[in-house]
Amino acid sequence: MPKPPSTSARQVLRWARLVVAVLVSGCALVGAVRLVAPATGGTDGEPPGVRGQLAFIRESLDNGAGDEAQQQFPEGHFFLHALYGLTWVELGLREPAGESGAERRAEALREARWALGRLESAAGRAAFSAELTPSYGVFYRGWTNWLRGGVLSLRPEGERDTAQVRRFAADSAALGAAFDDSDSPYLTAYPGQAWPVDSTVAVASLRLHDTLLPARFTGTVDRWVDGVRQRLDPRTRLLPHRVAPDTGEPVEVARGTSQSIIQRFLVEIDPAFAAEQYVRFRDRYVVTPLGLGPTTREYPEGMDGPADVDSGPLPLGVSLSATVVTLGAAQVHGDSSLAEGIASYGELLGLPVSTPWTKRYAFGLIPIGDAFVAWSKTARPWVAASPATAPLPPPPPAHLSSWWRVPLLSILLLVGTAPWLPALLRRQRRRARRLASALGEDRFPTAR
C-alpha cells in the first residue's frame, strides 16, 4: 500500500495550492479591473497606454519588425509604418497650441515624418507597381497622401514645410485626375485588382487637401460618392469588399475587414452618407458571440465564408482584426459605448503586458496588431470635425447594452473563487463534524 504523504510533503502541497489560488484569483481580479476601467480617451483625451505602445512599436521597427510583417501580410511593412505615423499625428493634434504642447507636438511631428519617409523609401514601395494609374496604385498613394496631410496638419499654415505642401498638392492632383478619368469610382491597387476600401482612403485624402489647401476636388468627391451609391453590394447595401476593376461592379460581398476601415474614413467624405452606412454595417456585422463581448463578423450575419490573411482565423465567424478597427470606426461616429466596449474587451482578452516604458498586446508577438490597436484607440475625425465643414450628424443610438460586462464579470468571479472552494468545503465539513460531535455529547452525556 502507498504510504501517506509526510507532514513536510503535506505542507509543501498546501503551500502550492495556496500559491496557485492566489495567482488565479489575482489574474481574475486584474481581468475584472481591465474590463471596467476606461480604455479609450474619446476624441479629446489621450487613451491610456498608447504612448507605451508607440515606444514598443518603434523599438520593434528599429529591430526589423517591418520586414517580418511583410512576410505575414501583403502590405505588412507599409501598414506598420503608416499606422505608427498616423497614431503620432493623432496624439500631436490633441496637444494644445502654444508652448505648453510644443514639445510633445514636435515629437509627434518628428516621428510622423520619419514614418512618412519610410513609406517613400524603396522598401515602402516594393510591394506596389509603378505601372498603375496613379503610380504604385491607389492603396499606396491614398494612405501615403493621408499621412502626408496629417503631417502638415501638425503645423500652422505659415510654418509648414513648403516641399511637403507641394508634394501633397501634386499627389492629390494625381489622385484627383485618376478618379476623374476612371469609369469606376474604384481605382486599382494591384494590376487587375480593385478594393473599394483603398479608394475610400484616397478620396478622404482629397477632402483633407481641401481642408488644408485651397479647395479643388469638390466635384471629384461628389462624383465619387454618386458612383459609389450606384454600385453598392446588393446583399448588404454597403460598399462591396472587391469589385471588377474596369466597371466597379461588386464581385464580393461586403466584409468586416474592409468595412471597418471604410467606416473609419467615409465620415471624412460625406458624413450623412457615412452615418447611414455605419448603422447598416453595425447592425449586420457587430455581434456578441456567446453573449460575451462585442466583436465584428467578417461576413454578414447568416453568411459564412473562408478566412484569409487579412481577416485571420474566424472563430464563430468573428475577425479579430476587423474588431480592432471597428473600435476606431465607432469612435469617429460618436458611438462611444461600442468603442469603449471593444476596447475594454480587448484589455481583457488581448493579454496586454506593460512596463514603465512600453505596452504591448499578445505579449508583443504581433507588433502590427499593436499598431492597429493604437491607431484605433486614437481615432477621431480630421476633416469632418474641422470648423469649415458642416456639423456632424448626431451619434447613432447605442447598439451595446450597458449590462454587457455582467456575464464576463460573473465568469471572472467564478474563476477567482473556484480555487478557494475546496478549502472552504473542507472547513465546512470540519465544522459540521465538530457540531455533530458536540450535539452527540449533549444528548448522551458520559456517565459519572
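The values are calculated or read from the model by the stated rules, or taken from the named source; none is laboratory data. Not measured: the values here are computed from a predicted model. FYI the Cβ positions are ideal-geometry reconstructions off the backbone, even for glycines, and counts take in every protein chain you see.
Computed values, structure above
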quantity	calculated
Test for residue 194: is it modelled with pLDDT of 95 or more, more than 29 Å from residue 64 (Cβ to Cβ) and in contact with a Ser or Thr (Cβ under 7 Å, 6 or more places away or on another chain)	yes
Count of the stretch 189-213 residues which are free of Cβ contacts under 8 Å to residues at least 60 places away in the same chain, surrounded by fewer than 24 Cβ atoms within 10 Å (Cβ to Cβ) and closer than 21 Å to residue 125 by Cβ	2
For residue 97: the one exception among (1) in a helix (DSSP H, G or I); (2) small (Gly, Ala, Ser); (3) more than 23 Å from residue 372 (Cβ to Cβ)	(1)
The stretch 362-395: number of residues that are in contact (Cβ under 8 Å) with a residue 24 or more places away in the chain, over 30 Å from residue 205 (Cα atoms) and assigned to a loop (DSSP other than H, G, I, E, B)	0
Single condition residue 78 does not satisfy, out of (1) in a helix (DSSP H, G or I); (2) in contact with a Lys or Arg (Cβ under 8 Å, 6 or more places away or on another chain)	(2)
Tally of residues being farther than 20 Å from residue 200 by Cα and among the polar types (S, T, N, Q) across the stretch 154-185	2
Any chance residue 116 is farther than 21 Å from residue 167 by Cα and crowded, with 20+ Cβ neighbours inside 10 Å	no
Residue in the stretch 132-146 that is in a helix (DSSP H, G or I), in contact with a His (Cβ under 6 Å, 6 or more places away or on another chain) and either more than 17 Å from residue 371 (Cβ to Cβ) or touching a residue at least 12 places away in the same chain (Cβ under 8 Å) (or both) present	no
Candidate set from the stretch 60-97 (those that are within 22 Å of residue 386 (Cα to Cα) and charged (D, E, K, R)); member that is modelled with the highest pLDDT	90
Filter result for residue 378 (within 29 Å of the chain's Cα centre (by Cα), modelled with pLDDT under 90 and not small (Gly, Ala, Ser))	no
Test: residue 236 is among the β-branched types (Val, Ile, Thr), over 24 Å from residue 392 (Cβ atoms) and crowded, with 19+ Cβ neighbours inside 10 Å	no
Qualifying position, being among the small types (Gly, Ala, Ser) and either over 17 Å from residue 72 (Cβ atoms) or more than 14 Å from the chain's Cα centre (by Cα) (or both), among 354, 319	354
Filtered residue count, the stretch 330-351, keeping only those that are assigned to a loop (DSSP other than H, G, I, E, B) and over 12 Å from the mean Cα position of the chain (by Cα)	4
Extreme residue, modelled with the highest pLDDT, among residues of the stretch 390-448 that are exposed (fewer than 11 other Cβ atoms within 10 Å of the Cβ), among the hydroxyl-bearing types (Ser, Thr, Tyr) and closer than 30 Å to residue 14 by Cβ	410
